[in-house]
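The values are calculated or read from the model by the stated rules, or taken from the named source; none is laboratory data. Predicted model, so just to flag it, every value in this text is computed and none were measured. So basically every Cβ, Gly included, is an ideal-geometry build from the backbone, and we count neighbours across all protein chains shown.
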């Protein structure tokens with residue numbers, strides 16, 4: 001029993017406090033860099049990250065999941081939490097994301113989104129549009145291009161845009177992903193106009209990503225405020241996000 005108590009006390013002394021942050025899957029590559037930068041300024045605050053689709057994280061928060069902050073891939077879910085008085089700050093946009101098409105093999109991306117009509121493309125990965133904002137944006141782009149109905153039988157649905165990235169590489173011929181994914185060191189082998197292309201922004205509603213503070217906790221406020229500082233802005237820009 002003494003060993004257990006000593007271990008707990010040691011953890012408390014190393015980490016003054018722990019905050020839990022629910023993060024939309026499109027941020028899965030940028031977030032480690034953000035947390036690393038946060039630790040340099042606040043070495044006594046431990047940040048625990050849970051990544052998932054915005055819709056699933058929203059449902060967990062509504063069911064009393066113990067999160068301190070929520071970073072959504074759109075404003076819909078933060079706005080809903082605010083209306084239901086489940087957060088303590090009004091939703092605020094921290095970045096605008098972009099949609100891209102990715103294939104592990106060389107494709108003729110000069111055709112843009114119309115490339116998807118190629119008869120050799122049998123499977124198209126995308127995040128579930130019911131719970132993932134990037135999946136919803138993909139469907140919107142397909143509809144505006146008047147090719148949704150022709151292609152819908154080829155769709156391979158993922159539970160998040162991060163999973164859609166994996167599917168695009170190993171389980172499908174091509175897929176819709178978050179542009180931010182393509183700026184990570186793990187994905188740099190895939191080249192623009194050879195393996196991927198950004199979807200024209202006019203084809204879908206801007207993906208304004210929102211953040212809310214869920215608990216009035218000093219350490220959580222520090223991280224919340226940190227998200228709007230120049231350090232994080234520069235990290236987000238380096239991952240292809242638009243910051244205004």
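Here are some notes:
- Residue in segment 77-86 that is closer than 21 Å to residue 241 by Cβ and surrounded by 22 or more Cβ atoms within 10 Å (Cβ to Cβ) present: yes
- The set of residues from segment 13-31 being under 13 Å from the mean Cα position of the chain (by Cα) and not in a strand (DSSP E or B) comprises 25, 26, 27, 28, 29, 30, 31.
- Flag if residue 168 is on the phi < 0 side of the Ramachandran plot, over 15 Å from the mean Cα position of the chain (by Cα) and crowded, with 23+ Cβ neighbours inside 10 Å: yes
- One residue alone among 125, 138 is buried (at least 18 other Cβ atoms within 10 Å of the Cβ), part of a helix (DSSP H, G or I) and at pLDDT 95 or above, and that residue is 138.
- For segment 141-162, residues that are part of a helix (DSSP H, G or I) and either more than 25 Å from residue 58 (Cα to Cα) or free of Cβ contacts under 8 Å to residues at least 12 places away in the same chain (or both) total 10.
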